[in-house]
1. Have a look at L33, L69 and point out the one that is among the hydrophobic types (A, V, I, L, M, F, W, C), at pLDDT 85 or above, exposed (fewer than 10 other Cβ atoms within 10 Å of the Cβ) and under 23 Å from the mean Cα position of the chain (by Cα).
2. Residue by residue through segment 76-88, note down the ones that are at pLDDT below 85 and surrounded by 10 or more Cβ atoms within 10 Å (Cβ to Cβ).
3. Of the residues G26, G59, G91, only one is surrounded by fewer than 10 Cβ atoms within 10 Å (Cβ to Cβ), among the small types (G, A, S), at pLDDT 85 or above and on the phi > 0 side of the Ramachandran plot; which?
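The values are calculated or read from the model by the stated rules, or taken from the named source; none is laboratory data. Because the structure is a prediction, the values reported are computed rather than measured. Note: ideal-geometry Cβ built from the backbone for every residue, glycine included; neighbour counts use all protein chains shown.
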Amino acid sequence: MFRRFSALLLLAGLTACDRDPYEAPGTWQSKGLNDANLRVMVANPHDLVEGDAAAGTTGNSAVPAVQRLVDDKRRGLITEGSTNAVGAQGGAGGAGTGGGN
């Protein structure tokens, strides 16, 4: 009897996992509010249609990365202590490295 009840309880629990909790009845839905906020905050509305070029660059540095993404040949994540990462040793100084008055 206990086995049947626990099996029924397990089955009922698994069927509840089938639904997306964000689409449950009574759950708040944004209905495009994020897009509306973005349209209000953007300085140039045409930037939502087509981006604006960055000053002083032709975008050549981004081409290899975009091509790897398109070809589905992305690089693996950098592991701690790895020396094969670009800029792994560089970067700006931390706290206390700036000049004080």
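1. Exactly one of L33, L69 is among the hydrophobic types (A, V, I, L, M, F, W, C), at pLDDT 85 or above, exposed (fewer than 10 other Cβ atoms within 10 Å of the Cβ) and under 23 Å from the mean Cα position of the chain (by Cα), namely L33.
2. If the condition is that a residue be at pLDDT below 85 and surrounded by 10 or more Cβ atoms within 10 Å (Cβ to Cβ), then S82, A85, A88 are the ones that fit.
3. So the residue among G26, G59, G91 that is surrounded by fewer than 10 Cβ atoms within 10 Å (Cβ to Cβ), among the small types (G, A, S), at pLDDT 85 or above and on the phi > 0 side of the Ramachandran plot is G26.
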